[in-house]
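Undergrad: Below is one structure. I have some questions about it.
Each value in this text was obtained by applying a stated rule to the coordinates, not by laboratory testing. Here the structure is a predicted model, which is why all the values come from computation and not from measurement. Methodologically, a virtual Cβ is constructed for each residue, glycine included, from the backbone with ideal geometry; neighbour enumeration extends over all protein chains shown.
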Amino acid sequence: MQREKAKYNWVREKMEGPIKLSGKAMSELVDKGILKRADVLVTRSKGSLLGWLIRFGTQSYWNHAAMVYVIRNLELGYDSTFIIESGGGGIDIHNIAHYFERPKKYDVGIKRLEKDWFQSDGDDGGLRFRRKVRGFALEEIDDKYNHRLILDIARKILRQLVLAAIFPCLRWKEPSRRRARVPGIASRLDINAYICSGFVQWAYYRGVGKVLAETNDADSQKLQDVIFNSEVGHDDSEEVLLSTTPADLANSDKLTWKYIVKDGDVWEVNGQNDVDSVLGKN
């Protein structure tokens, strides 16, 4: 099995351009067991004002993020794959079909942390890290997120966009404490708050950190591997880590692009050029 996988990866690397798969997302990615626990999803909400505002503010195609929590396993009674995400109602666990079977409402990108130490299947290796990342996400439900957070972000962005349109010369002062920087107008929109992508970033950082502490592992590179905002360091504050945006996850070269689901079609991609081609950016 490993030899066949290695051969496929070698052949795939030699091929150029995205590959369109024949089936839909549920059959290609869920039924065939392609997705992995802790895979990162970035999504584009079509027809959403808040989604448009976030995309506009961060200059990104994507406006939301989630993480694969449970993968389809009929022996364990899971007949589908489930994701965990932060939304307007707090932390939710949804069937991934919520995104995959609504092509008129969502496009989806799938990224993966492909470090060997994270993807190995041993109980003392990657499996332990992946379990802890997902477990920490559940632990944070009551501590960091509630149903008002995303709504507060929407109000802040909308209010400041309106003010910017009425008073184009108006500038907002940045807080004196250090914050993660985001491009363009985002620095004036103050969208650095507890949002969906910050939840994913925080779960990765704290989950991996807990395993390192439990095993007395002093390898700080592992923590650096799971900081997906290129302008944030491992010694930054909790608030700065939580300010990670969907654009940060999409732009991070520490997460590998695997698939794009656009308008219901599934594309296997191998790098940013493939993604841009599928999204019509080339």
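Undergrad: Using a cut-off of 11 Å between beta-carbons, work out the net charge of the residues near Ser197 (Lys and Arg +1, Asp and Glu -1, Ser197 not included).
TA: -2
Undergrad: From the cross-link list Lys36/Lys262; Lys115/Lys262; Lys32/Lys132; Lys36/Lys111; Lys20/Lys258, which pairs have alpha carbons spaced over 18 Å apart?
TA: Details: Lys36/Lys262 20 Å; Lys115/Lys262 27 Å; Lys32/Lys132 25 Å; Lys36/Lys111 10 Å; Lys20/Lys258 12 Å.
Over 18 Å Cα-Cα: Lys36/Lys262; Lys115/Lys262; Lys32/Lys132.
Undergrad: Only counting other Cβ atoms within 10 Å, I'd like Phe100, Phe199 sorted with the fewest neighbours first.
TA: Working: Phe100 23, Phe199 26.
Ranking Phe100, Phe199 by Cβ neighbours within 10 Å, fewest first, gives Phe100, Phe199.
Undergrad: Next question. Please compute the Kirkwood hydrodynamic radius of region 19-139 from all pairs of different C-alpha atoms, in Å with one decimal.
TA: Values: mean 1/r = 0.0646 Å⁻¹.
The Cα-based Kirkwood calculation yields 15.5 Å.
Undergrad: If each of Asp265 and Glu16 carries a label point 7 Å out from its Cα toward its Cβ, how far apart are those two points in nm?
TA: 2.0 nm
Undergrad: Can you work out ³J(HN,Hα) from phi for every residue in region 214-230, in order, using Karplus 6.51 cos²θ - 1.76 cosθ + 1.60 and θ = phi - 60°, giving whole Hz and x for Gly and Pro?
TA: With the stated coefficients, region 214-230 comes to 5, 9, 6, 8, 9, 6, 5, 5, 4, 5, 5, 5, 10, 9, 8, 8, 5 Hz.
Undergrad: For every other residue with a beta carbon closer than 13 angstrom to the beta carbon of Trp52, add +1 if it is Lys or Arg and -1 if Asp or Glu, then tell me the sum.
TA: Neighbour charge sum, excluding Trp52 itself: +3.
Undergrad: If you take the beta carbon distance between Asp253 and Asn73 as r and set R0 to 35 Å, what does 1/(1 + (r/R0)^6) give as a FRET efficiency, to the nearest 0.05? Let's see the in-between values first.
TA: Numbers: r = 31 Å, r/R0 = 0.88.
In this case the efficiency is close to 0.70.
Undergrad: What distance in nm lies between label points placed 7 Å from Cα along the C-beta direction at Arg131 and Asp219?
TA: Label at Arg131, label at Asp219, 1.8 nm between them.
Undergrad: Moving on. By its C-alpha gyration tensor, with a ≥ b ≥ c as the square roots of the eigenvalues, how is region 49-114 shaped: rounded for a/c under 1.5, else prolate for a/b larger than b/c, else oblate?
TA: prolate
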